[in-house]
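A short reminder: the numbers here are calculations on the coordinates, not readings from a lab. This structure is a prediction, so every number in the text was calculated from the model and none was measured. Here the Cβ positions follow ideal geometry from the backbone for every residue, glycine too, while neighbour counts run over all protein chains shown.
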Amino acid sequence: MLGIGFPEMLLIMAIALLVFGPRKLPEIGKSLGKAIREFKRSSDELKARFEEEVHAEEFKSIKDVKDELKKDIELDEEK
């Protein structure tokens, strides 16, 4: 998990407890969780859109090749 081991995580949690106090810590954790979840959702959506565009371009390329082959076949048949 981001190269953070248990001792480092414990230190971060202790510092957060000292800085924010025990009453604010659950609220901050909840807000942080929501932000991470929203970021993950947005990045997954962006990835899906990117993959759709790549597949659309691949399909377009295949269609262009197919049309090109049809033209070549028609030209050969005319000869």
Using the beta-carbon distance between I4 and S43 and R0 = 22 Å, what value does 1/(1 + (r/R0)^6) give for FRET efficiency, to the nearest 0.05? 0.60
What distance in nm lies between label points placed 7 Å from Cα along the C-beta direction at L32 and D72? 6.0
Given (i) 45, 15, 11; (ii) 59, 13, 5; (iii) 25, 13, 9, the label whose value is semi-axes √(5λ) of the Cα gyration tensor in Å derived from this model: (ii)
Lysines within cross-link reach of K40: Cα-Cα under 23 Å, excluding same-chain residues under 8 positions apart? K30
